[in-house]
Amino acid sequence: MGYEAILVFFIAGVFLVVFANFLSNLISHKSDNKSKQDPYECGVETIGPTWVQFKVGYYLFAVLFLLFDIEVAFLVPWAVVFKEMGTVALIEILVFLFILGLGL
């Protein structure tokens with residue numbers, strides 16, 4: 001009985017995304033100007049190649065931030081109901097942290 005509502009929301013969400021993209025393409029101004037294809041960086045003309053490699057450390061830092069940010073999003077609700085659930089909550093969070101540790 002509850003799955004119909006989820007299906008309706010999913011279909012409505014897909015429809016709204018497709019409709020918004022269609023409407024955007026329909027009413028947007030199209031311009032095939034050479035300057036539109038140039039990279040824009042704060043109004044300053046680029047010097048040298050615009051495609052540069054970033055250090056992998058930046059990417060790893062961002063991924064680790066997201067990982068631990070999501071971890072906190074799961075840990076806060078768990079901490080709120082910890083006393084009510086007792087040992088079951090402790091086992092569940094230990095399994096969660098173990099799986100998270102495997103990812104590191």
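Worth a mention:
- Selection from region 8-36 of residues that are surrounded by 10 or more Cβ atoms within 10 Å (Cβ to Cβ) and of a type in the set (A, V, I, L, M): V8, I11, A12, V14, L16, V17, V18, A20, L23
- Among (1) within 30 Å of Q37 (Cα to Cα); (2) surrounded by 10 or more Cβ atoms within 10 Å (Cβ to Cβ) - the single one L64 does not satisfy: (1)
- Only listed residue being open to solvent by 80 Å² or more (accessible area, probe 1.4 Å) and modelled with pLDDT under 85, chosen from Y58, Y40, Y3: Y40
The values are calculated or read from the model by the stated rules, or taken from the named source; none is laboratory data. Everything numeric here is computed off the predicted structure, so don't read it as measured data. In this analysis, Cβ positions are derived from the backbone assuming ideal geometry, glycine residues included, and neighbour counts consider all displayed protein chains. Keep in mind that these areas ignore ligands, DNA and RNA; they rest on the heavy atoms of the full protein, side chains included. Shrake-Rupley method; radii C 1.70, N 1.55, O 1.52, S 1.80 Å.
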